[in-house]
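Worksheet: one structure, shown below.
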Amino acid sequence: MIGIVYEVQPQPPEPADTTWHAAGAITLGVEYRNVDPASLAATYGGDAAAMAEIEAKSPEGGFSDCGVSIHVSGTEDGHEYLRFDVFDDDPHYHYVWPEGGHNNVVPFDRVAQGDMLDFAIGCLRTRLDPMLREAHGAPVADALDPDVQAPVIDRVEDLARRARTAQRSVRA
């Protein structure tokens, strides 16, 4: 298995900051996120084991980053199977199994793969079926309909690019 496996689930999307777009068997969320040790403590502080795991696997000083997240959830079950964190400093993606506490975080290699947003949108267009299966989402993968997904992915791409541009101009 590649990447870093956590037993703790990823930090949930912030409802006020996430727009959701139904696409048949999947629902896609677009969120601009700021993650830092304080926000992680606010989410996981009540779970000592989760905080210990996060701290043990975080860089010195804690994990701090920001950027666009694209969430891929099953429309019927609501479980987030995949997440693309198009972060400025440490871009990565997640396979999140629905059973147990399995969250596989895969670092993104910009040198080999280029822009992570291009990669994420490409995965949504051409790799969604095998990626959902890797995340133990075979029933969702079986119900995919590319004709339904395509216009929603176009909308998600536009929103993600606009969010990234807007937030970068605010930070500049």
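What the table shows:
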| read-out | value |
| --- | --- |
| Leading residue by the ranking (nearest to His102 (Cα to Cα)) among those in segment 134-149 that are surrounded by fewer than 16 Cβ atoms within 10 Å (Cβ to Cβ) and among the charged types (D, E, K, R) | Asp142 |
| Some residue of segment 66-75 being farther than 16 Å from Thr18 by Cβ and without any contact (Cβ under 8 Å) to a residue 60 or more places away in the chain | no |
| Helices (runs of 4 or more DSSP H) lying entirely in segment 100-172 (those with 2 or more residues that are farther than 18 Å from Glu80 by Cβ and among the polar types (S, T, N, Q)) | 146-171 |
| Answer residue from segment 20-64, given it is acidic (Asp, Glu) and more than 30 Å from Leu144 (Cβ to Cβ) and is surrounded by the fewest Cβ atoms within 10 Å (Cβ to Cβ) among those | Glu60 |
| For Ile121: the one exception among (1) out of contact with any helix residue (DSSP H, G or I) (no Cβ under 6 Å at 6 or more places or on another chain); (2) within 19 Å of Ala23 (Cβ to Cβ); (3) in contact (Cβ under 8 Å) with a residue 24 or more places away in the chain | (1) |
| Filter result for the condition that a residue is under 19 Å from His136 (Cα atoms), out of contact with any helix residue (DSSP H, G or I) (no Cβ under 7 Å at 6 or more places or on another chain) and surrounded by fewer than 17 Cβ atoms within 10 Å (Cβ to Cβ), over Glu14, Glu76 | Glu76 |
| Matching residues in segment 79-92 - criterion: being touching a Pro at 6+ places or on another chain (Cβ under 9 Å) and either surrounded by 17 or more Cβ atoms within 10 Å (Cβ to Cβ) or not in a loop (DSSP other than H, G, I, E, B) (or both) | His79, Glu80, Tyr81, Arg83, Phe84, Asp85, Pro91, His92 |
| Residue within segment 97-110 that is in contact with a helix residue (DSSP H, G or I) (Cβ under 8 Å, 6 or more places away or on another chain) and either of a type in the set (Val, Ile, Thr) or touching a residue at least 24 places away in the same chain (Cβ under 8 Å) (or both) present | no |
| Residue match in segment 79-88 (condition: out of contact with any strand residue (DSSP E or B) (no Cβ under 9 Å at 6 or more places or on another chain), within 23 Å of Gly24 (Cβ to Cβ) and at pLDDT 95 or above) | no |
| The one condition in (1) touching a Lys or Arg at 6+ places or on another chain (Cβ under 6 Å); (2) under 21 Å from Tyr32 (Cβ atoms) that Ala141 fails to fulfil | (2) |
| Candidates Val156, Val152 - the one that is over 28 Å from Phe63 (Cα atoms), touching a Leu at 6+ places or on another chain (Cβ under 8 Å), of a type in the set (A, V, I, L, M) and surrounded by 13 or more Cβ atoms within 10 Å (Cβ to Cβ) | Val152 |
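The rows are residues; the columns are (1) assigned to a loop (DSSP other than H, G, I, E, B); (2) small (Gly, Ala, Ser); (3) touching a residue at least 60 places away in the same chain (Cβ under 8 Å).
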residue	(1), (2), (3)
Gln11	yes, no, no
Ala16	no, yes, no
Asn34	no, no, no
Ala41	no, yes, no
Ala52	no, yes, no
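The values are calculated or read from the model by the stated rules, or taken from the named source; none is laboratory data. Bear in mind that the values here come from a model prediction, so they are computed numbers and not experimental data. Virtual Cβ from ideal backbone geometry, glycine too; neighbours counted across all protein chains shown.
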